[in-house]
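Peer 1: Before we start, here is the structure in question, set down as structure tokens.
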Amino acid sequence: QVQLVESGGGLVQAGDSLRLSCAASERTLRRYAMGWFRQAPGKEREFVATISRSAGSTIYADSVKGRFTISRDDAKNTVYLQMNSLKPEDTAVYLCAARFEGVSRRTTEYDYWGQGTQVTVSS
């Protein structure tokens, strides 16, 4: 079973940048497609970005396209989410997830989840 731990969240101002990290307990992270999701208070969990096992394919939600970048370093068992030009509407708990199959936007198709890291963007 893969354990995922997110870090890098915090309180920033609109226009700032943050880089989130997701560290995996398992050395075979390369076997998994990885995703980032977020959940704001009172809202459903929503897809942010996903990256394939080979890092050859990435998909982004329209709301973050051009501002966020997902990447992975399998040697470090870590997946990243670089977030630029942050907006107040990006405020949420950000969670990473892993799945054995290919990339997916669906929360129900991920096998393992982290606990999340809070990102708060002030206007």
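The values are calculated or read from the model by the stated rules, or taken from the named source; none is laboratory data. Remember, predicted model here, so these are calculated numbers, not experimental data. Heads up, the Cβs are rebuilt from the backbone with ideal geometry, glycines too, and the neighbour counts pull from every protein chain shown. Remember, those area values only see protein heavy atoms, side chains included, never the ligands or the DNA or RNA. Shrake-Rupley method; radii C 1.70, N 1.55, O 1.52, S 1.80 Å.
Peer 1: Kindly provide the set of residues from segment 62-83 that are part of a strand (DSSP E or B) and crowded, with 16+ Cβ neighbours inside 10 Å, ordered by number.
Peer 2: The answer is Phe68, Thr69, Ile70, Arg72, Thr78, Val79, Tyr80, Leu81, Met83.
Peer 1: Follow-up. How do the pairs read when you match residues in segment 71-98 that are in contact (Cβ under 8 Å) with a residue 12 or more places away in the chain with residues anywhere that are part of a helix (DSSP H, G or I), using Cβ under 6 Å and keeping only pairs 6 or more apart or on different chains?
Peer 2: Asp74/Leu29; Asp74/Arg30; Asn77/Leu29
Peer 1: So Arg38 passes all but one of these: (1) closer than 22 Å to Ser123 by Cα; (2) more than 10 Å from the chain's Cα centre (by Cα). Which condition number does it fail?
Peer 2: Failed condition: (2).
Peer 1: Can you name the residue in segment 49-60 that is surrounded by 14 or more Cβ atoms within 10 Å (Cβ to Cβ) and free of Cβ contacts under 8 Å to residues at least 24 places away in the same chain and, of all such residues, is farthest from Trp36 (Cα to Cα)? Outline the logic, then answer.
Peer 2: Of segment 49-60, the ones surrounded by 14 or more Cβ atoms within 10 Å (Cβ to Cβ) are 49-53, 55, 58-60.
If we keep only those that are free of Cβ contacts under 8 Å to residues at least 24 places away in the same chain as well, we get 55, 60.
Details: Ala55: 14, Tyr60: 9 Å.
It comes out as Ala55.
Peer 1: Might you check whether a residue that is farther than 20 Å from Ser123 by Cβ, surrounded by 14 or more Cβ atoms within 10 Å (Cβ to Cβ) and β-branched (Val, Ile, Thr) occurs anywhere in segment 88-95?
Peer 2: Initial filter on segment 88-95 (farther than 20 Å from Ser123 by Cβ): 95.
Then keep just the ones that are surrounded by 14 or more Cβ atoms within 10 Å (Cβ to Cβ); that gives 95.
If we keep only those that are β-branched (Val, Ile, Thr) as well, we get none.
The answer is no; no qualifying residue exists.
So that you can scan it fast, the table gives a plain yes or no per residue for (1) part of a loop (DSSP other than H, G, I, E, B); (2) open to solvent by less than 50 Å² (accessible area, probe 1.4 Å); (3) under 19 Å from Pro88 (Cα atoms):
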| position | (1), (2), (3) |
| --- | --- |
| Glu6 | no, yes, no |
| Val12 | no, yes, yes |
| Ala23 | no, yes, no |
| Arg27 | yes, no, no |
| Met34 | no, yes, no |
| Arg38 | no, yes, yes |
| Glu44 | yes, no, yes |
| Phe47 | no, yes, yes |
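Peer 1: If Ile59 satisfies every condition in (1) of a type in the set (A, V, I, L, M); (2) in a strand (DSSP E or B); (3) within 20 Å of Gly10 (Cα to Cα) but one, which is the exception?
Peer 2: It is condition (3) that Ile59 fails.
Peer 1: Please enumerate the residues belonging to segment 54-84 that are among the charged types (D, E, K, R) and in contact with a Lys or Arg (Cβ under 6 Å, 6 or more places away or on another chain).
Peer 2: Of segment 54-84, the ones among the charged types (D, E, K, R) are 62, 65, 67, 72-74, 76.
Of everything in segment 54-84, just one residue is among the charged types (D, E, K, R) and in contact with a Lys or Arg (Cβ under 6 Å, 6 or more places away or on another chain), namely Asp74.
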